[in-house]
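K.L.:
Quick one: the structure is below, questions incoming.
Bear in mind that the values in this text are calculations on the coordinates, not laboratory data. Given the structure is predicted, the values throughout are model-derived calculations rather than measurements. Please note: Cβ atoms are built from the backbone with ideal geometry, for glycine as well, and neighbour counts cover all protein chains shown.
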């Protein structure tokens, strides 16, 4: 049976510890925390009562399959799909509710010194939940933009369905581990900008990642779309903003620009910057991720210059294509 | 483009002798200028560009590696200078470790992304602790080149 685990063991321990600490100083906070926790539990229960998309796909008379789901997402996009499985819709609400719960804890930890030792665990829980949401957004985006003939489409849709089923089960390893590592490595890097070569940013990022990432970069580095997407990712600036800055630097004859100079210039030109000082680095990464996805889609639709996919999409598709090739090679040998 | 495509024995120096950040950068630029026959003005232009970039934020990567770099019209293609210091030099790296391995990258202003593969190639080889240790212990430039080729 496909069950969402409301909280992992470490999350449960964190919540218990927070409640115990807060009960000594503020019963109001404890009540609020318990209410949030109860909401998360309720949503996971509703999601768990809903049939798994996999169940629906097993010989139902209306002929639903992973292919029909992929076809629906491809042609209509997630926004227009009103008959998505309840488990998918409620499951997402469950994740958002969980995010707010850990966000609340993280927020009050700055005013409750006794919670300070638990702050790293709160951040971890928050980041894990946020990355779950990002992974779902990414999978839906990639499938929505597929043409239907891609070798990885079956795999991608199956993984999305599994994500909807489990939403991080205690018994299941985290989804899209390579993507998570990419986000974990990136969210602590503050881009310098400088020459806009991405030298320091790429090197610091790469040192936090595995050989899979290195192989991806080496194999895709000649593709203009990917390198532009990589720059967007490293700098948290859009392709258009990077082009604007490069143009300015060329006109002014300057070889390097500071982060604050670049942001001031962009703001003067009426541009907004993805990374704003007041938000957490993980939220800034999510904001950057959503904006990059949106911009890539817009460029795809209009045929404009610049990356037509986000770096995460390029990376995910690369991973799937490699796995498909390996599977095909194994089958051939067999 | 990976490390082997740009690695030139004449652009490798073992050991570097400077003991501070500015000294290391100057020494690396001297290697480039000497190997490529740059004029003193070109040397100054490159040095200014690299130091200017360094002033905006450390190019220390961590794990004992620093990657000073600049865009400069003095070069017409991506250039890599490799230097190894016997003694660690403070490059304000985020992990607090001093640096012994230096990869100076110079690129023409127009090189928007040609160096990405090069950087990925450096990162791929240098993420190995064993490789870094071997590089730090390289006796001369021939050994450095040989280590990369292996």
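K.L.:
For region B:1-149, how big is the tail of P(r) above 21 Å, as a whole percent of Cα pairs? Kindly include the intermediate steps, with their values, before the conclusion.
P.N.:
Details: 4083 of 11026 pairs.
When all Cα pairs of region B:1-149 are counted, 37 percent exceed 21 Å.
K.L.:
Then there is this: For the protein assembly as shown, what proportion of DSSP beta bridges, expressed in % and rounded to the nearest 5, is antiparallel?
P.N.:
55 percent
K.L.:
Another question, if that's okay. Among A:126-133, B:82-89, how do they line up from the highest to the lowest mean number of other beta-carbon atoms within 10 Å?
P.N.:
Output ranking for A:126-133, B:82-89: A:126-133, B:82-89.
K.L.:
Using DSSP, restrict attention to beta bridges with both residues in region B:42-150 and report what percent are antiparallel, rounded to the nearest 5.
P.N.:
Numbers: 9 of 14 bridges.
The antiparallel proportion sits near 65 percent.
K.L.:
While we're here: Tell me, what is the percent relative contact order of chain A, built from C-alpha pairs under 8 Å that lie six or more residues apart? Before the final figure, lay out the partial values.
P.N.:
Working: 323 pairs, mean separation 58.1, N = 334.
Relative CO of chain A lands at 17 percent.
K.L.:
For Cα pairs less than 8 Å apart in space and 6+ apart in sequence, what is the mean separation divided by the residue count of region B:9-150, i.e. the relative contact order in percent?
P.N.:
26 percent
K.L.:
Would you mind computing, in nm to one decimal, how far apart the modelled labels at residue A:304 and residue B:130 are, each placed 7 Å from Cα along Cα→Cβ?
P.N.:
Going by the 7 Å Cα→Cβ label model, 4.9 nm.
K.L.:
At a 10 Å Cβ-Cβ cut-off, how would you order B:124, B:53, fewest neighbours first?
P.N.:
B:124, B:53
K.L.:
GNM on chain A, C-alpha springs below 10 Å: top fluctuator among A:271, A:24, A:224?
P.N.:
Result for chain A, Cα springs under 10 Å: A:24 fluctuates most.
K.L.:
May I ask you to sort B:44, B:150 by Cβ crowding, counting other Cβ atoms within 10 Å and putting the fewest first?
P.N.:
If I rank by nearby Cβ atoms, fewest first, I get B:150, B:44.
K.L.:
Sticking with this structure for a sec: Expressed in nm to one decimal, what extension gain is obtained for the pair residue A:41 and residue A:330 from 0.36 nm per residue of sequence separation less their Cα-Cα distance?
P.N.:
Numbers: separation 289, 0.36 × 289 = 104.04 nm, distance 4.29 nm.
Length gained between residue A:41 and residue A:330: 99.8 nm.
K.L.:
Further question on the same structure: Within a 10 angstrom radius of the beta carbon, how do B:74, A:200, A:192 rank from fewest other beta carbons to most?
P.N.:
Working: B:74 21, A:200 28, A:192 24.
By the 10 Å Cβ count, ascending: B:74, A:192, A:200.
K.L.:
Give me the extension gain from residue A:133 to residue A:252: residue separation times 0.36 nm, minus the current Cα-Cα distance, reported in nm with one decimal.
P.N.:
Contour length minus the Cα-Cα distance gives 38.6 nm.
K.L.:
Give me the distance between the Cα centres of region B:8-76 and region A:218-250, rounded to whole Å.
P.N.:
Distance between centres, Cα-based: 24 Å.
K.L.:
Where q = 0.10, 0.12 Å⁻¹, what log10 of I(q)/I(0) comes from the Debye formula for the protein assembly as shown, counting one point per Cα?
P.N.:
-0.86, -1.13
K.L.:
Follow-up. Determine the shielding of peptide B:52-65 by partner chains: average, over its residues, the number of Cβ atoms on other chains within 10 angstrom of each Cβ.
P.N.:
For this peptide, the per-residue mean of nearby foreign Cβ atoms is 5.
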